[in-house]
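This report concerns only the one structure given below.
The values are calculated or read from the model by the stated rules, or taken from the named source; none is laboratory data. Since the model is a prediction, treat every value here as computed from it, not as a measurement. All Cβ positions, glycine included, derive from the backbone under ideal geometry; neighbour counts span all protein chains shown.
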């Protein structure tokens with residue numbers, strides 16, 4: 001620490017070539033997407049019918065598109081755009097990687113090819129999105145009757161599951177609490193090697209950063225539901241599996257939040273502590289920790305809040321808590337009982353929301 | 001610190017051909033040679049961006065210079081690392097333009113943190129300091145006139161008071177050298193002397209060597225025993241405050257500069 005500025009010779013040429021390649025790759029990707037979305041819209045509106053005589057469904061259209069041709073064509077266009085960027089104006093990829101050139105900064109978007117490309121791209125995204133997700137407002141507004149049963153059931157909660165529901169609600173809150181509490185110390189320790197500004201000093205520190213960040217990104221990318229399935233087959237069905245699933249996910253999520261907070265600290269006090277001759281741990285304790293404790297607390301309470309919500313879903317697959325008795329009642333269509341449980345969950349989440357907001361307000 | 005030779009025999013600071021190029025290629029210092037004798041109050045002048053902060057931070061290695069060497073009381077700090085570097089840093093206190101107190105901690109804890117270099121690791125991690133250190137911290141606060149504010153949170157104090165806490169922290173460190181980086185530039189002009197006088201007292205009464213970057217010629221003339229000037233990362237002038245005149249001013253600050261009316265020439 002304190003030795004952050006390490007000078008390495010910078011061979012400008014290969015760096016620039018990498019940037020150019022990045023710009024072309026980015027452009028090729030964007031143009032490919034634009035071309036495919038355009039093709040999708042054209043096919044959908046062309047009125048062509050499939051072999052069964054019916055209109056194509058979204059999946060069928062997606063299956064029909066010429067991905068390879070689009071990619072090749074886009075690559076050619078991207079190359080042309082990047083080669084003649086002086087005449088055509090900077091491409092979107094070039095603008096992102098290398099910045100918008102000086103002489104184009106003051107131009108209105110309508111005066112650049114890039115501006116038009118982005119505008120058309122956004123339009124196409126909405127059209128294609130509408131078609132791919134098969135939005136159908138007509139059905140939405142005319143076919144309500146079937147769902148009315150469910151809504152009626154939810155509006156008339158039955159008291160038969162109230163007792164069981166309350167008991168499992170307590171379990172849910174504790175489940176979320178334990179998962180969060182056990183996640184705090186692990187995330188706290190991992191947050192320091194995961195913070196860029198503390199890990200520039202040495203090769204070891206940079207290695208720790210990469211390992212910690214990669215691992216945490218991976219863990220976070222796996223849904224808590226999947227973690228629940230893993231732990232259920234490990235420790236068996238029940239709340240313990242739920243605690244473990246939420247714990248793993250919370251460690252990764254809190255590490256990210258904590259380390260981002262560390263990255264945004266004021267380095268001044270840290271410099272002052274380094275200057276006294278303090279050791280690395282002392283610098284962290286005096287220069288970093290006091291600055292991050294309040295936001296850490298705030299994030300942690302927020303995380304508990306999230307874990308209460310998540311634990312209901314975890315319960316669906318057998319991770320304990322109120323979700324565990326909700327699932328069979330949904331399957332059997334006992335909407336009155338479902339209504340009771342949903343109200344219990346909603347009430348808890350609403351309360352947790354208010355309480356956590358109040359506490360966080362006080363802390364920060 | 002038996003590794004450090006007799007202070008009379010060696011200069012407090014010696015810079016040899018010091019140069020600094022930041023990653024990205026910005027050159028902040030070039031070929032700076034300088035000796036500061038023990039007990040001096042040296043002022044560093046220069047425009048913003050002339051390299052004053054970089055120079056000071058190279059002395060205690062908050063920044064690693066890319067060229068040249070730095071000796072502190074005869075020990076080459078640029079050759080040290082790890083524990084040896086930290087032990088030498090104990091001899092060098094630093095006062096910053098932005099005070100750099102730990103805002104959420106009490107004033108007393110901030111002063112105590114000056115002693116971190118000599119306290120045992122584990123007790124210090126739970127903010128537990130020996131009684132003797134606590135008394136010394138209280139005495140340091142008394143000296144800067146804030147003896148009754150030890151229990152306040154640091155950010156509850158005014159700018160001038162915070163900088164006096166920083167001076168107390170520096171005093172707590174028991175250094176032989178103090179680096180002060182524009183210590184009064186963020187303060188109300190009326191409060192500048194209140195801080196400068198305390199730094200002067202450390203120099204005069206405790207015999208601590210002071211290297212202090214300053215903007216204000218008035219302050220330089222009032223407090224410094226010697227001054228040097230930086231321009232574009234090079235040492236362009238060195239002398240006593242009496243030798244300073246309109247021409248040297250132009251030399252340091254450039255042809256377009258105009259001395260403020262109260263500088264006396």
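Restricting the search to helices (runs of 4 or more DSSP H) fully inside the stretch A:83-182 and requiring at least 3 residues that are more than 30 Å from the chain's Cα centre (by Cα) gives A:85-88, A:137-142, A:145-155. Scanning the stretch B:124-154 for residues that are out of contact with any strand residue (DSSP E or B) (no Cβ under 9 Å at 6 or more places or on another chain) and within 11 Å of chain A (Cβ to nearest Cβ) yields B:124, B:125, B:126, B:127.
Listed by position, the helices (runs of 4 or more DSSP H) inside the stretch B:93-149 whose residues that are in contact with a helix residue (DSSP H, G or I) (Cβ under 6 Å, 6 or more places away or on another chain) and surrounded by 24 or more Cβ atoms within 10 Å (Cβ to Cβ) number at least 2 are B:107-112, B:131-143.
Inspection of the stretch A:24-46 identifies at least one residue that is in a loop (DSSP other than H, G, I, E, B), away from chain B (no Cβ under 14 Å), under 21 Å from residue A:123 (Cα atoms) and at pLDDT below 95. The set of residues from the stretch A:265-278 being surrounded by fewer than 20 Cβ atoms within 10 Å (Cβ to Cβ) and within 7 Å of chain B (Cβ to nearest Cβ) comprises just one member, A:268. Restricting the stretch B:79-92 to residues that are out of contact with any helix residue (DSSP H, G or I) (no Cβ under 8 Å at 6 or more places or on another chain) and surrounded by fewer than 19 Cβ atoms within 10 Å (Cβ to Cβ), the residue that is farthest from the other protein chains (Cβ to nearest Cβ) is B:79.
Every residue, every condition in (1) surrounded by fewer than 14 Cβ atoms within 10 Å (Cβ to Cβ); (2) at pLDDT 85 or above, yes or no:
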{"site": "B:178", "(1), (2)": "no, yes"}
{"site": "B:188", "(1), (2)": "yes, yes"}
{"site": "B:193", "(1), (2)": "no, yes"}
{"site": "B:222", "(1), (2)": "no, yes"}
{"site": "B:228", "(1), (2)": "no, yes"}
{"site": "B:250", "(1), (2)": "no, no"}
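Selection over the stretch B:63-86 of residues that are touching a strand residue (DSSP E or B) at 6+ places or on another chain (Cβ under 9 Å) and either more than 16 Å from residue B:44 (Cβ to Cβ) or part of a helix (DSSP H, G or I) (or both) gives a count of 14. Only one entry of A:199, A:204 meets the criterion of being over 21 Å from the mean Cα position of the chain (by Cα) and within 14 Å of chain B (Cβ to nearest Cβ), and that entry is A:204. Inspection of the stretch B:22-31 identifies at least one residue that is away from every other protein chain (no Cβ under 14 Å), at pLDDT below 95, outside any loop (DSSP other than H, G, I, E, B) and in contact with a strand residue (DSSP E or B) (Cβ under 9 Å, 6 or more places away or on another chain).
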